[in-house]
1. Can you find, within region 118-142, the residue that is modelled with the lowest pLDDT among those that are of a type in the set (S, T, N, Q) and outside any strand (DSSP E or B)?
2. Select from region 376-404 the residues that are over 23 Å from N202 (Cβ atoms) and either small (G, A, S) or in contact with an Asp or Glu (Cβ under 9 Å, 6 or more places away or on another chain) (or both) and write down the one among them that is surrounded by the most Cβ atoms within 10 Å (Cβ to Cβ).
3. Between a residue in region 183-198 that is within 14 Å of A252 (Cα to Cα) and any residue that is part of a strand (DSSP E or B) and not β-branched (V, I, T), which pairs come within a Cβ distance under 6 Å, given they are 6 or more apart or on different chains?
4. Are any residues in region 140-185 of a type in the set (D, E, K, R) and crowded, with 16+ Cβ neighbours inside 10 Å, and if so, which ones?
5. Taking F84, is it at pLDDT 95 or above, aromatic (F, W, Y) and surrounded by fewer than 18 Cβ atoms within 10 Å (Cβ to Cβ)?
6. Could you check, for region 285-294, whether at least one of its residues is part of a strand (DSSP E or B) and over 30 Å from G349 (Cβ atoms)?
7. Looking at A403, A426, A319, which is the one that is out of contact with any strand residue (DSSP E or B) (no Cβ under 6 Å at 6 or more places or on another chain), in contact (Cβ under 8 Å) with a residue 12 or more places away in the chain and in the same structural domain as V29 (by TED's automatic domain parsing)?
8. Restricting to region 249-271, count the residues that are closer than 27 Å to T7 by Cα and touching a residue at least 24 places away in the same chain (Cβ under 8 Å).
Amino acid sequence: MAFDYDTIVIGGGPGGLAVAYGLNNHQKVLVVESNLWGGTCPNFGCDPKKMLYGVVEAKRQVIRYHESGLPAEPKVDWPAMMAFKRGYTEKIPTGTEAGLKGAGINHLHGTAQFVDGHTLRVGDQQVTGQQIVIATGATPNIPDIPGKEAFLTSTDFLNLDNLPEKVGFVGAGYVAIELANIAVEAGAEVHIFQHNDRLLRNFPQAYTERLRKILTGKGIHFHMNTNVTALQTAGDQVKVTTNSGDPLTLNAVFAAAGRRPNLDDLNLAGIGVAVEPQGIKVDDHLKTSVSSIYAIGDAIAKTVPKLTPVSGIEGRYVAAEITGETHDPIQYPAIPHTVFAGPELAQIGVTLESAKQAPDQYTISDQPVGAWYTYHRLQDQNAHVTTIVDKTSGKIAGAVVLAVNAEELINDFSELITHGTSAKDATDWTPVYPSVTSDLGYFY
């Protein structure tokens, strides 16, 4: 059978584009995108979020220096900050599409639906491919409660013309914590509603409790063990009813209770692609139950974090698998992940819980480092680092960092873990001093 394309990629985000560009010199490729070219991360995800975080964190650093030479407290100009963000994000779709055109990669805007394992319907067109790769990402979960139409999402938050006076977030994961921090630093009254007593459940509880104390000190109101049971709008207000206490009246409520794979329009059940609650079921070559179809990124069920760099790893792997450059199962490096919560909470490698369960294998070093020069100069009194060292090899196996600049140290730990660097080699060179990296020798 002759196909229109060698490979069709559904999704024009970082993962899908990694597949397309990886195949472009070898195959005729088509990319189909139903939303904005470039995908979630650069348009309405991690990139714009961190731009806003950068502004509010600069404000926070000035406050930390209040008694160290910067007595005036700045205020966030929300419209100006949003204009700064839009100056970047508004160029992403056209820039991404221009890149595809320049590379000679065929692309089509529309919603794809499977007809069979080799055929897609996109609008009024039908296209075929020898292989099809699903890279459709994820979409916010909207709690199914009365008045759910009043929920806004992270996409809405990152495009607000003005910040509402009182805002609420349902959930206490990455999205809720990061956006709540931006909102409170920008001057809003902020409430977080969480159904249990944990926030950021994939991080050690000792660390998340430290972070919750810091965020409470900023003014965030945590309603733990609380379910939002109904929303009711009246003008620019939303009445929030819960199973605990009196209703609250806010100006905006954001659904931030996780994200689900974006699969609704694909007709996967109709063609026999196996799907689990967490996403599409794939094997260790990222193939689905239909042999001609691969799936990657946030669309699949997996144990590794659903992050943009992971989607890129999977996209490059699938391209290599299709071209025959590799037939080995996919291997993931240690994946660092960070919550930009002001301060930042980051971890990588062997988890603290796993290390505690294997005391004969790992040495755990727990250090408050707020008095160290690196953190003292930033007035980061709450900085804390835990390292996990393999007793046999003497190498770093995992780490947790809570600090205003945790992303820097966790990246250093990521490099050491990925390359299996020994304690001697980790310190047998000369980094810039003083710096985050120059502290590495003190963590072994």
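1. N141
2. Result: Q379.
3. E189/K166; H191/G168; H191/H221; I192/F169; I192/F222; F193/H223
4. Here is the first cut: in region 140-185, the residues of a type in the set (D, E, K, R) are 144, 148-149, 156, 161, 165-166, 178, 185.
K166, E178, E185 - these are the residues of region 140-185 that are of a type in the set (D, E, K, R) and crowded, with 16+ Cβ neighbours inside 10 Å.
5. Answer is yes for this residue.
6. For region 285-294, residues part of a strand (DSSP E or B) and over 30 Å from G349 (Cβ atoms): present.
7. A319
8. First, the residues of region 249-271 that are closer than 27 Å to T7 by Cα: 260-271.
With the extra rule that they be touching a residue at least 24 places away in the same chain (Cβ under 8 Å), the set shrinks to 260-263, 265-268, 270-271.
Looking only at that region, the number is 10.
The values are calculated or read from the model by the stated rules, or taken from the named source; none is laboratory data. Fair warning: this is a prediction, and the values are worked out from it, not measured in the lab. Backbone-built Cβ (ideal geometry, glycine too); neighbour counts: all protein chains shown.
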